[in-house]
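Chemist: Okay, handing you the structure first.
The values are calculated or read from the model by the stated rules, or taken from the named source; none is laboratory data. Just so it is clear, the model here is predicted, and its values are computed rather than measured. Here Cβ is always computed from backbone atoms with ideal geometry, including for glycine, and neighbour counts include all displayed protein chains.
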Amino acid sequence: MDKPSPYAFDLGHLLANDPNPVAYDAGEEVLAANARDAAQALINQLLTTCEIKSASDGIHLVLPPPTTPLPREKPLPAEKPPTKWELFAAKKGIDKKKRDKTRLVYDEASGEWVPRWGYKGANKGTENDWLVEVDDKKEKESGEAHDARAEGRRERKERIKRNERKQRANERSTRKTG
């Protein structure tokens, strides 16, 4: 196993690099012998230089950190530009707060736990009340019967649509800058 150039080892990646050239027309026996020699040299290097620890589940070899950089299949992803909200929050000094992300909230009026959003959710407000006050002032202004439930539902739907429009505009602006 005497070679003109010795092996270069990267024990962190369990790599034994043989800088010596291999003949182009080398047979399988020659390649198998080279692989066997490299594996034996790697094992010898591991046993002589690495720390061996004994634990209840067996014997462990402590490997050093890798020294050879490995190539990536794909390039590193580009840093995403900040969204409008992130720019605004940075300008105003608003920090991210860790909020309670539970799905249920306690409804004081009914004394029950209800979903935060969705079917029978707390975000509906007074939309599903069985009794709704009639606003005489609005009826006199418009000249027709006022439906508070429909108005609340319409306002909520408009808020949802406005939020979705802003999200789409924000995504378009980040795609343009990124």
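Chemist: Can you find a residue that is over 33 Å from the mean Cα position of the chain (by Cα), of a type in the set (G, A, S) and loosely packed, with under 10 Cβ neighbours inside 10 Å anywhere in the stretch 75-82?
Modeler: So far as the stretch 75-82 goes, no, none of its residues is over 33 Å from the mean Cα position of the chain (by Cα), of a type in the set (G, A, S) and loosely packed, with under 10 Cβ neighbours inside 10 Å.
Chemist: Testing K138 on (1) touching a His at 6+ places or on another chain (Cβ under 7 Å); (2) of a type in the set (D, E, K, R); (3) assigned to a loop (DSSP other than H, G, I, E, B), one condition comes back false. Which one is that?
Modeler: Checking K138 against (1) touching a His at 6+ places or on another chain (Cβ under 7 Å); (2) of a type in the set (D, E, K, R); (3) assigned to a loop (DSSP other than H, G, I, E, B), the one that fails is (3).
Chemist: What are the residues in the stretch 109-163 that are over 30 Å from W85 (Cβ atoms) and of a type in the set (A, V, I, L, M), if any?
Modeler: Within the stretch 109-163, A109, L131, V132, V134, A145, A148, A150 meet the criteria.
Chemist: Just to be sure, is D10 modelled with pLDDT under 90 and either more than 30 Å from R168 (Cβ to Cβ) or surrounded by 12 or more Cβ atoms within 10 Å (Cβ to Cβ) (or both)? First the steps, then the outcome.
Modeler: On the way: modelled with pLDDT under 90: no; either more than 30 Å from R168 (Cβ to Cβ) or surrounded by 12 or more Cβ atoms within 10 Å (Cβ to Cβ) (or both): yes.
Answer is no for this residue.
Chemist: Take Q40 and tell me if it is more than 30 Å from N170 (Cβ to Cβ) and either assigned by TED's automatic domain parsing to the domain that holds N170 or touching a strand residue (DSSP E or B) at 6+ places or on another chain (Cβ under 7 Å) (or both).
Modeler: For Q40, the condition - more than 30 Å from N170 (Cβ to Cβ) and either assigned by TED's automatic domain parsing to the domain that holds N170 or touching a strand residue (DSSP E or B) at 6+ places or on another chain (Cβ under 7 Å) (or both) - is not met.
Chemist: Still on this structure, I have one more. So which residues in the stretch 79-117 are within 20 Å of Q167 (Cα to Cα) and either part of a loop (DSSP other than H, G, I, E, B) or touching a residue at least 60 places away in the same chain (Cβ under 8 Å) (or both), if there are any at all?
Modeler: E79, K80, P81, P82, T83, K84, W85, I94, K96, W117 - these are the residues of the stretch 79-117 that are within 20 Å of Q167 (Cα to Cα) and either part of a loop (DSSP other than H, G, I, E, B) or touching a residue at least 60 places away in the same chain (Cβ under 8 Å) (or both).
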